[in-house]
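To start, the structure itself, in structure tokens.
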Amino acid sequence: MQFKNSNLFIISGGPGAGKTTTLQELEKLGIPHVPEVARQIIQEQVQTGGNALPWADRQRYTELMLERSIESFHENTPAAKPLLADRGIPDTLGYARLIGLPETGWIEAACRQYRYARVVFLAPPWREIYETDGERKQDFAEAERTYEVVKDVYRDCGYETIVLPKVAPPERARFILEQLRLAT
């Protein structure tokens, strides 16, 4: 059975590309968003001493990321009006490809089963704003690789991708609003 949510729009890309900041700017304009599950998992695992982390048990981290992404999809379906999400289920497939998980069929099946709005926004790597933190430990080269893999995954999954301009958050928000008007 396939589940579709044509009003749930994804913003994805590599780490540190301004996705969350852009989503916060859109929220100020009345467009709500769904937070990133991967960051929530990292915070929870660190707080509880768990090891389902990208720098520890990557397999378990991937499993949790997929479980939580599916839960988030269900919690936000149906969406009566456009709703943005900080990453989606295909991001789990991107992560699995990045770390070289040998078996990804179960994630690919989830990508086919749970379908978002056809348009996906991608935030490209942006060196000038890139920063690491307690949950984002990748260097900029890995952020660039992540972006390329995620871009390919969303295209492989049949989504139309729109690359966000490297502009200030209010301008990015306006760009997305205009694209949402065109897509809905």
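Would you mind stating whether residue 117 is under 23 Å from residue 28 (Cβ atoms), small (Gly, Ala, Ser) and either at pLDDT below 95 or surrounded by 14 or more Cβ atoms within 10 Å (Cβ to Cβ) (or both)? Spell out the reasoning first.
Values: under 23 Å from residue 28 (Cβ atoms): yes; small (Gly, Ala, Ser): yes; either at pLDDT below 95 or surrounded by 14 or more Cβ atoms within 10 Å (Cβ to Cβ) (or both): yes.
Yes; evaluated as a whole, the condition is true for this residue.
Report the residue count in segment 105-116 for those that are more than 13 Å from the chain's Cα centre (by Cα) and either within 19 Å of residue 184 (Cβ to Cβ) or of a type in the set (A, V, I, L, M) (or both). Summing the residues that are more than 13 Å from the chain's Cα centre (by Cα) and either within 19 Å of residue 184 (Cβ to Cβ) or of a type in the set (A, V, I, L, M) (or both) in segment 105-116 gives 4. Among the residues of segment 54-69, those identified as surrounded by 15 or more Cβ atoms within 10 Å (Cβ to Cβ) and either closer than 11 Å to residue 42 by Cα or of a type outside the set (D, E, K, R) (or both) are 54, 61, 62, 64, 65, 66, 69. Selection of segment 28-59 for residues being more than 14 Å from the chain's Cα centre (by Cα) and within 29 Å of residue 169 (Cα to Cα) yields 28, 29, 30, 31, 32, 42, 43, 44, 54.
Only residues that are in contact (Cβ under 8 Å) with a residue 24 or more places away in the chain and either under 20 Å from residue 114 (Cα atoms) or surrounded by fewer than 17 Cβ atoms within 10 Å (Cβ to Cβ) (or both) were counted across segment 170-179, and they come to 3. Contact map, segment 25-51: first residue under 17 Å from residue 65 (Cα atoms) and touching a residue at least 24 places away in the same chain (Cβ under 8 Å), second residue of a type outside the set (Asp, Glu) and surrounded by fewer than 16 Cβ atoms within 10 Å (Cβ to Cβ), Cβ cut-off under 8 Å, separation 6 or more or different chains; pairs are 46/134.
Conditions tested, residue by residue: (1) among the aromatic types (Phe, Trp, Tyr); (2) surrounded by 12 or more Cβ atoms within 10 Å (Cβ to Cβ).
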residue	(1), (2)
101	no, yes
107	no, yes
111	no, yes
121	yes, yes
128	no, no
132	no, yes
138	no, yes
143	no, yes
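The values are calculated or read from the model by the stated rules, or taken from the named source; none is laboratory data. If you're wondering where the values come from, they're calculated on a predicted model, not measured in any experiment. Positions of Cβ are generated from backbone atoms using ideal geometry, with glycine treated the same way; all protein chains shown enter the neighbour counts.
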